[in-house]
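Structure, as structure tokens:
The values are calculated or read from the model by the stated rules, or taken from the named source; none is laboratory data. Since the model is a prediction, treat every value here as computed from it, not as a measurement. Note that we place each Cβ from the backbone using ideal geometry, even for glycine, and neighbour counts take in every protein chain shown. For accessibility, only protein heavy atoms count, side chains too; no ligands or nucleic acids. Shrake-Rupley method; radii C 1.70, N 1.55, O 1.52, S 1.80 Å.
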Amino acid sequence: MARTALLGGSFNPIHYGHLMLADDVRERLSLERVLFMPAGEPPHKPVSELAPAADRYAMVRLAIADTPTFDVSDLELRRTGPSYTVDTVEALGIPPDELFLVIGSETFLDLLSWREPRRLAAHCRIVVIPRAGSAFDADGAAARKVLREIGVDVIAAADTGEAADTGEASASGVIVVHATSLPISASELRARAAAGRSLAYRVPPPVATYIARHRLYGWPA
């Protein structure tokens, strides 16, 4: 089975920041694919702020269409009720040493508020991406508390930008990767769409066309 990075999120909408991050993580950890997982009902976000699930899924498909190492799943969209990541990783059926769950450092520090975080960590390797300019400390008290509760260790990997050997990381659970991303805000994109402003160079052209055609995020008629 292909070694897979799982990148979940609302993708409201998907943008070049998501795509660059996904590609960098795949390359640095020598993975074979990235599986994008649009959330149906994210437990930590108001559903009222989201574009319809079918539209968010369609935009992801358009964004990754020309990248053979990228794939998208509608698993969480077909599930009723809130989308809990622990249920998703179990349903995928990928061996824990071949599934790498990608989350931001702020999310990692909040992981104990998630459903069954210890069980989640047992079903995948967790890849933590520090936010650019953040003061995330993998050895700090907050991070260590999370690690103790989920029963794994931290391994800093690929800080130099070179591909990492994930053999040791796979056995230990959590990997910290300082991956490249772009400072693009989905909320700013939604505001630009509401004002009918250009989304060029922020989202792939097919996504920009889809938003305008379907009048998403208040795009003017």
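Quick one: is residue 36 more than 28 Å from residue 193 (Cβ to Cβ) and surrounded by 13 or more Cβ atoms within 10 Å (Cβ to Cβ)? No: the conditions fail for residue 36. Quick check, is residue 103 surrounded by 15 or more Cβ atoms within 10 Å (Cβ to Cβ), hydrophobic (A, V, I, L, M, F, W, C) and out of contact with any Ser or Thr (no Cβ under 6 Å at 6 or more places or on another chain)? Yes. The residues in region 182-221 that are farther than 21 Å from residue 19 by Cα, of a type in the set (A, V, I, L, M, F, W, C) and either open to solvent by 70 Å² or more (accessible area, probe 1.4 Å) or in contact with a helix residue (DSSP H, G or I) (Cβ under 6 Å, 6 or more places away or on another chain) (or both) can be counted, and the count is 3.
Scanning region 1-33 for residues that are in a loop (DSSP other than H, G, I, E, B), touching a Ser or Thr at 6+ places or on another chain (Cβ under 8 Å) and either open to solvent by less than 20 Å² (accessible area, probe 1.4 Å) or at positive phi (or both) yields 29, 30, 31.
Determine if region 78-98 includes at least one residue that is touching a residue at least 24 places away in the same chain (Cβ under 8 Å), open to solvent by 60 Å² or more (accessible area, probe 1.4 Å) and under 23 Å from residue 194 (Cβ atoms). No: zero hits. Whenever a residue of region 191-218 is more than 16 Å from residue 65 (Cβ to Cβ) and in contact (Cβ under 8 Å) with a residue 60 or more places away in the chain, its partners that are small (Gly, Ala, Ser) and outside any helix (DSSP H, G or I), lying with C-beta atoms within less than 7 angstrom and at least six residues away or across chains, give the pairs 216/51; 217/51. Condition test on residue 146, is it assigned to a strand (DSSP E or B) and either open to solvent by less than 70 Å² (accessible area, probe 1.4 Å) or modelled with pLDDT of 95 or more (or both)? Taking the combined requirement at face value, the residue does not satisfy it.
Quick check on my filter: what residues within region 48-77 are farther than 17 Å from residue 215 by Cα, of a type in the set (A, V, I, L, M) and free of Cβ contacts under 8 Å to residues at least 40 places away in the same chain? Passing the criteria: 72, 75, 77.
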